[in-house]
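Peer 1: Handing you this structure, nothing more for now.
Quick note: the coordinates plus some simple rules give every number you see, no bench work behind them. Everything numeric here is computed off the predicted structure, so don't read it as measured data. We place every Cβ from the backbone using ideal geometry, glycine too, and count neighbours over all the protein chains shown.
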Amino acid sequence: MTTDATSAISPARRQPRRRAGLSEWSDRHFRWLLVVPAVLLILSLSVYPLVFSLWVSFVNYDFQIPGHAFVGLKNFSMVIFDPVARWSLVLTILLSSANVAIELGLGLALALAMVRSFPGRGLVMSVLIIPLFISPVIVGQAWALLLQRPFGPMNYLLGQILGQEVTIGWLTESPWLYVALIIADVWQWTPFMFVILLAGLTAIPPNLYEAAELDGVDGWQAFRLITLPQLAPIIMLAITFRLLDAVRLFDTIFIMTAGGPGTKTYTSSFYLYTVGFTQFHLSQATAGSWIFLILTALLVGLLVRRLVKSEPA
Amino acid sequence: MTQTPATRPGIRHRRRRRPSVGRFVFLGLFMFFVLAPIYWMFVTSIKPSDDYLAIPPVWFPAEPTTVHYTAALFAYRGLQGIVNSLVVSLAATVLSVAVGTAMAYSLARFNTGGKHLSFWVLSQRFLPPIAVVLPIFLIYRSVGLHDTRLGLIIAYTVFTLPVSVWMMLAYFRSMPRSMEDAALVDGCTQWQAFWQVAVPLAAPGIVAAAVFAFIACWTEFFFALVLTSRTAFTLPTVFRAFLGFQGAQYGEASALAIVSLAPSIALGVLAQRHLVRGLTLGAVRG
């Protein structure tokens, strides 16, 4: 009686469905079948490579030499006792904390400035989030263009403002190249902090401020006593997400300084990339990657545990 | 102590007045900071090469030119990079969102695997790419996936999966399940309730997840740098060609940058309503 009607929501379909064993089986295991593709993908391209790389890090993996000899902890010790590796880790920590701190400050200021509506707010919003949608490679390229020594406009503008010639080598001289890398990162990721903190600010119930106003609390006190505590969980979340991305810093360095001069701007990711793909010490690089992974995991554990704790209900 | 009641009448004025001027100056300066690099890139892309080195800098060229665009697209194989980027990003987006939506539905409606499974997926988001890219490179070399679009599609699908799963998980959780329940009562299979009821209802969330997956793939550099070389290279990796020759190819690099950033900015600004959920994997509602 049922000619497979297109309307799926028809009680008449109940009978024919029973007969098909396969469809009944798939329906019974429905929830697992939905999960399987994603789990298989992650297993094959994340878990399996990690296990494989653990093996690589204990052998001497070389395309030229057949038979990968077991070398124990040698690859790990080569990384640990490499001064460049240690410097890159220090620089990674310094740069990522500086980046995240500045982005948090600026992002919070932007969010406070944007929280109340004003004419043109939508347009300003659209402009402010633009950097989030640009490839970090292009961000690096854009800032390199602006900062390039003889002819980038930055030195010229600074010279005009200060009234004397400015010849800062933004991409080659020691303190300035860190400033340049921080500027590029802050440019790209301040909007990230801003957008999340703005969502947090909007969610604070306005009656808290009204009550405070009646109690005679002034603007700064209201910020300290209401805004910051209410915002704390969101700030924590924003820092967690941002910091875990910030420690990967690679793209802008690749474009702006290529790690140089010398190894002055090597971050951990850049160091491991260089060891693995320009020197082709694959085993040493995977050993280093495992060390970096463990350090990141510790950071994740620390931050995410706090995050779960500070979550309001 | 006693001062609190005394000041009460005057408060309302004090709170409203102060911030406005400083607020707009700050916003204005920050907008300048955001737009300046993009403007400079655009101007450089249409400048005749002679204008690069001029001091004072040429703020807008007297005779704009498009030669850098043609050079970037053809001489530097930017066009092939665009085609590769489009194919890889679109395919990975479709796969990631399809697989991710399926998993998210199961997690949201059946709590499959409890907290462990969903947090295991989330933890993938925090995995540093450098830790997996080396072994993936070695594996790809041995199975012939190195420098193929397929290899990059699989890699991008996996690395955008946590965001797709968690965005959709948040979406399904915010969606009432009564429609699916009604469908089940009416004799639908679980599959039909999912495919014909839940998925259409979740369409806005799926579109948002797709936009963010696409932008992530379109702007990705690191995996593409390692996993491709001469044939499957994507748009961001084309910029390698301009390194080491600083100065000579400013125009080409800028032209390519403008071509590359236009679509992702357009998409991102259109989808900005979902931005907060996208950035926080659904943890914060916009």
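Peer 1: For a Förster distance of 51 Å, can you work out the FRET efficiency between the beta-carbons of A:GLU173 and B:ALA62, rounded to the nearest 0.05?
Peer 2: Computed FRET efficiency for A:GLU173 and B:ALA62 comes out at 0.95.
Peer 1: Also: Ranked from highest to lowest mean number of other Cβ atoms within 10 Å per residue, what is the order of the peptides A:27-33, A:196-202, B:164-170?
Peer 2: My ranking of the peptides, most packed first, is B:164-170, A:196-202, A:27-33.
Peer 1: Next question, about the same structure. By its C-alpha gyration tensor, with a ≥ b ≥ c as the square roots of the eigenvalues, how is chain A shaped: rounded for a/c under 1.5, else prolate for a/b larger than b/c, else oblate?
Peer 2: Verdict is oblate for chain A.
Peer 1: Now for a different question. Quick check on the exposure proxy: order B:PHE239, A:PHE277, B:PHE60 from fewest to most C-beta atoms within 10 angstrom.
Peer 2: Least crowded to most crowded, the residues run B:PHE60, A:PHE277, B:PHE239.
Peer 1: Could you give the length gained on full extension between B:VAL21 and B:SER49, defined as 0.36 nm per residue of separation minus the Cα-Cα distance, in nm?
Peer 2: Difference between extended and current length: 5.9 nm.
Peer 1: Oh, and also: Past the 35 angstrom mark, what percentage of all C-alpha to C-alpha distances in the protein assembly as shown do you count?
Peer 2: When all Cα pairs of the protein assembly as shown are counted, 46 percent exceed 35 Å.
Peer 1: Chain B: percent of C-alpha pairs farther apart than 33 Å?
Peer 2: Roughly 43 percent, rounded to a whole number.
Peer 1: Please arrange A:THR286, B:THR189, A:THR265, A:THR274 by counting, for each residue, the other beta carbons lying within 10 Å of its beta carbon, fewest first.
Peer 2: By the 10 Å Cβ count, ascending, the order reads A:THR274, B:THR189, A:THR265, A:THR286.
Peer 1: Please compute the contact order of chain B in relative form: average sequence separation of alpha-carbon pairs under 8 Å and at least six residues apart, divided by the residue count, as a percent.
Peer 2: Here the relative contact order equals 28 percent.
Peer 1: Enumerate the helices in chain B for which the Kyte-Doolittle hydropathy averages 1.0 or more and the C-alpha atoms extend at least 27 Å along the helix's axis, using complete DSSP H runs.
Peer 2: B:20-45, B:78-110, B:149-174, B:250-270
Peer 1: I've got another one for you. Hey, how many Å between the Cα centroid of the stretch A:75-117 and the Cα centroid of the stretch B:45-121?
Peer 2: After rounding, the separation between the Cα centres reads 25 Å.
Peer 1: Obtain the nm distance between the two label points defined at A:ILE65 and A:SER77 by a simple spin-label model: each point lies 7 Å from its Cα along the Cα-to-C-beta direction.
Peer 2: The answer from the label model is 1.6 nm.
Peer 1: Under the definition of partner shielding as Cβ atoms of other protein chains within 10 Å of a residue Cβ, what is the mean value for peptide B:35-45?
Peer 2: The shielding value for this peptide is 5.
Peer 1: Among B:GLU180, A:GLU24, rank each residue by its count of other Cβ atoms within 10 Å, from fewest to most, as a rough exposure measure.
Peer 2: Ascending number of Cβ neighbours within 10 Å: A:GLU24, B:GLU180.
Peer 1: Please give the length that would be gained between A:THR263 and A:GLN230 if that part of the chain were fully extended, namely 0.36 nm times their separation in residues minus their C-alpha to C-alpha distance (nm, one decimal).
Peer 2: My answer for the length gained is 7.6 nm.
Peer 1: Suppose R0 equals 41 Å; then what is the FRET efficiency for B:LEU201 and A:ARG116 from their Cβ-Cβ distance, rounded to the nearest 0.05?
Peer 2: That pair, B:LEU201 with A:ARG116, gives E of 0.75.
Peer 1: Could I ask something else about it? Within chain A, which whole H helices from DSSP have a Cα span along their axis of at least 15 Å and a mean Kyte-Doolittle hydropathy of 0.0 or more, if any?
Peer 2: Taking the DSSP H segments of chain A (at least 15 Å long, mean hydropathy at least 0.0), we get A:30-42, A:83-114, A:136-147, A:174-202, A:228-246, A:282-310.
Peer 1: For a protection proxy built on the mean count of beta-carbon atoms within 10 angstrom, sort B:255-266, B:38-49, A:213-224, A:246-257 highest first, please.
Peer 2: Top to bottom by mean Cβ count within 10 Å: A:246-257, B:255-266, B:38-49, A:213-224.
Peer 1: Then there's this: Using a Förster distance of 51 angstrom, determine the FRET efficiency expected from the C-beta separation of B:ASP186 and A:VAL166, and round it to 0.05.
Peer 2: 0.10
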